[in-house]
1. Suppose only helical runs count, i.e. DSSP H with n ≥ 4. What mean residue ellipticity at 222 nm does that imply for chain A under -39500 (n - 2.57) per run, divided by all residues and rounded to the nearest 500 deg cm²/dmol?
2. Suppose R0 equals 41 Å. What FRET efficiency, 1/(1 + (r/R0)^6) with r the Cβ-Cβ distance, do A:Lys380 and A:Tyr82 give to the nearest 0.05?
3. A 24 angstrom limit on the alpha carbon distance is what I want to check against. Which of A:Lys85/B:Lys180; A:Lys95/A:Lys411; A:Lys70/A:Lys96; A:Lys162/A:Lys227; B:Lys142/B:Lys176 exceed it?
4. Along Cα→Cβ at 7 Å, what distances in nm separate the A:Glu223 label point from those on the other copies, shortest first?
5. Evaluate the Debye formula for region A:157-304 with equal point scatterers sitting on the alpha carbons, no solvent, and hand back log10 of I(q)/I(0) at q = 0.15, 0.19 Å⁻¹, in q order, two decimals.
6. With the cut-off at 22 Å, tell me which of the pairs B:Lys39/B:Lys396; B:Lys259/B:Lys381; B:Lys206/B:Lys381; A:Lys5/A:Lys326 have Cα atoms farther apart than that.
7. Just the number, please: Stokes-Einstein D of the protein assembly as shown in µm²/s, Kirkwood Rh from C-alpha pairs, 25 °C, 0.890 mPa s.
8. Just want the answer: with Cβ charges of +1 for Lys and Arg and -1 for Asp and Glu, which residue in A:Thr120, B:Val184, A:Leu390 is farthest toward the dipole's positive end in the protein assembly as shown?
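What follows draws every value from the coordinates through simple rules; no lab data is involved. This is a predicted model, so every value here is computed, not measured. Note that we place each Cβ from the backbone using ideal geometry, even for glycine, and neighbour counts take in every protein chain shown.
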2 protein chains.
Amino acid sequence: MKNLKGACMFGQSGGPTSVINASAAGVFIEALSQKNITKVYGLAHGIKGLLEENFYDMGKEEEKELLLLKNTPSSNLGSVRYKLKDSSVDETDYKKILEVFKKYDVRYFFYNGGNDSMDTCNKISKYLIKAGYDCNIIGVPKTIDNDLFGTDHCPGYASAAKYIATTLMELNLDAKVYDKGQVVVIEIMGRNAGWLTAAASLAGYKGLGADLIYLPEVPFSVEKFKKDVKRVMDENGGKCIACVSEGIRDKDKNFIVEKLSQEKAKDNFGHTQLGGLAIQLADLISQEYGVKVRGVEFSLMQRSAAHLASGVDVEEAFLAGREAVKVACAGITDKMVAFERDMSSGSYKCVFKLLPLDVVANAEKTVPLEWITEDGIGLKKEFIDYALPLIQGESKAPLEDGLPRFSKLKKIQAGK
Amino acid sequence: MKNLKGACMFGQSGGPTSVINASAAGVFIEALSQKNITKVYGLAHGIKGLLEENFYDMGKEEEKELLLLKNTPSSNLGSVRYKLKDSSVDETDYKKILEVFKKYDVRYFFYNGGNDSMDTCNKISKYLIKAGYDCNIIGVPKTIDNDLFGTDHCPGYASAAKYIATTLMELNLDAKVYDKGQVVVIEIMGRNAGWLTAAASLAGYKGLGADLIYLPEVPFSVEKFKKDVKRVMDENGGKCIACVSEGIRDKDKNFIVEKLSQEKAKDNFGHTQLGGLAIQLADLISQEYGVKVRGVEFSLMQRSAAHLASGVDVEEAFLAGREAVKVACAGITDKMVAFERDMSSGSYKCVFKLLPLDVVANAEKTVPLEWITEDGIGLKKEFIDYALPLIQGESKAPLEDGLPRFSKLKKIQAGK
């Protein structure tokens, strides 16, 4: 436990979310108010900005613009996908990081991201401890995938879930509009964990959901899929809505999208990309049953629709950023801020806890199998009870000319 | 000009929009208040419900649910795509319609839709006039495509435009997040008219738009597209966002999506569907320049995202429904309610006018070529001035459990 005085650095990492900037706002606003923090730096493109001494002086931003970050989607400082090598294999990056920290007297480091980013955060933390350099390091969780270990949920997930549930309700009404049959297949993000696809069941809870929901947690069979769709069509005048996770796999762990692509033709680069799954599954149904089909992909919208963010999510993301700074200033290091659900009052409340970075760095949390219905095409009440409190409330950017007024930072260079 | 007493019928037709039910609410609420209207019927699936005597007694609905229709997307009564044959070719449908109108004493008929629906409305109107059956018939405009002739704009367009502009702003931030190049191609609806794709320029007006915008009004060259993308990439660190209308065609009027599909392979049914254009264009860029690409389709979301509807659009759609009933009750027939922009006060105001049904039935309004920039990849200020007033304000369903509470009608059968 060390009470340090010096500069702080904050970086964003991994895929963008609707609320990642809310955590940034929390870190910046709290850090700027802490007397032990002499300078507040925002890294351009996360760890890359650190290695290249490319970062901004956040103290020179207007408070109004920092507050607008709360409702500005995507990573405003720029993000990165950069995997640090193990320091025992290659120390180059670590030496550079230590050099930069010393040069700018960085005594606080906050890193915002998912599994891979917490791995980065953990590696830096462990290296600096070994090197005897005092720096309080706290991870701030973020991922729409909701797959971080040890935390009740992750900032970013609830807003994506709210987008998925709301949009599915709207598409449900759209898909039912004609008195002819139609099969709509909707593809939702989530390569290994089905949390996002499971959010489709929230629309079902309101009576306007999908007939079939397939998560990556359950092995997917194309033959069973065809039969499931046929059964629903027979019951519903030829209509069926199916939601599939991009990451569904067969019992041998092969991605369905790759299998289907390979069955058609090898793509031009000899590799197959995730994506295009909805259209391929819809095509299969069209070929099999000769019905009208449509493949829909929620694509980038599900992770950047800040106009539809969950109020709970925005506020929790913001507070998680503040909490990281507070605990670091209280002398804590080598932890990630995590959420614990407190239902003791009978209603949802979220409290913070701290997890060791090395515990979260190499684990993944998927949807509990016991929350999935036995037929593998739906979610049980346990999931609804879990997810519903998270998508409550609204929080969005003010409108200017009828369109969102997102944050505009000056980004004044403070590195080299 | 005849002041008639009797029942009224209302039907929805063509593709759904975010605000088509707002017009339905306007028709129902106004009609239920008119003493000359004895019964208010809502047709199941438009003209099909009329031919099959399948319609509901709207007087039996709760007013609260009728008001919730204002913010409920898609056609709540069900829609239809049914083309009436010319009465000189086949009178069967017309005779049935006349029989139904007589049986239920229908003296008012309101039909809500786009070009094809106004054609239906016009044909019925002309037939009844010829048959000497008194019935006041008024068309209510609706189409996200905004291509109805003679009206400043169409209900449904502004909400889709607001969705496109807002979502593009969010995707613009998402697409810029890494410090690596990426080309994003976004496909927007609009087969013949580029109004929807043009709405991408509203995001550009706010500084977060697309680099390239291609409307169907301008012949599309794949070679020029590649060069345009390359130029933008060179200027922007490898980043480029392009918006394309699903209906872009080459100089010989061939749809680009069909050309690209045919070049690859004939699909399994020997025909090519619109859709998949974004992914195909993105693939082309990937092959040509070896950069990371992503194809995004705004798909059904752009026409059903009621949570992001324009307040102006919802209110105008509602009032257009009311206006149709009011003028019909004042004895007017054989017209469509249309909008005229009144800028005399210096700010946007919209007033109603009436257009003969046969004038709107067979005409299409595209984006004026003089509003498109000379290089064919953007819109001029004239378009911004035109579209910006339309996307102002917000209007959406109340939330229940954090999700929209859409209208739930009882739909009590009043036909056979």
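1. Working: 15 runs with 154 residues, N = 416.
After summing the helix terms and dividing by residue count, I get -11000 deg cm²/dmol.
2. Numbers: r = 39 Å, r/R0 = 0.95.
With a Förster radius of 41 Å, E is 0.60.
3. Values: A:Lys85/B:Lys180 20 Å; A:Lys95/A:Lys411 26 Å; A:Lys70/A:Lys96 32 Å; A:Lys162/A:Lys227 30 Å; B:Lys142/B:Lys176 36 Å.
With Cα atoms farther than 24 Å apart: A:Lys95/A:Lys411; A:Lys70/A:Lys96; A:Lys162/A:Lys227; B:Lys142/B:Lys176.
4. Here the equivalent label points are 5.2 nm apart from this one.
5. Debye curve over Cα of region A:157-304, log10 I(q)/I(0) at q = 0.15, 0.19 Å⁻¹: -0.72, -1.15.
6. Details: B:Lys39/B:Lys396 29 Å; B:Lys259/B:Lys381 33 Å; B:Lys206/B:Lys381 13 Å; A:Lys5/A:Lys326 13 Å.
In this structure, B:Lys39/B:Lys396; B:Lys259/B:Lys381 exceed 22 Å between Cα atoms.
7. Numbers: Rh = 28.1 Å.
Estimated via Stokes-Einstein, D reaches 87 µm²/s.
8. A:Leu390
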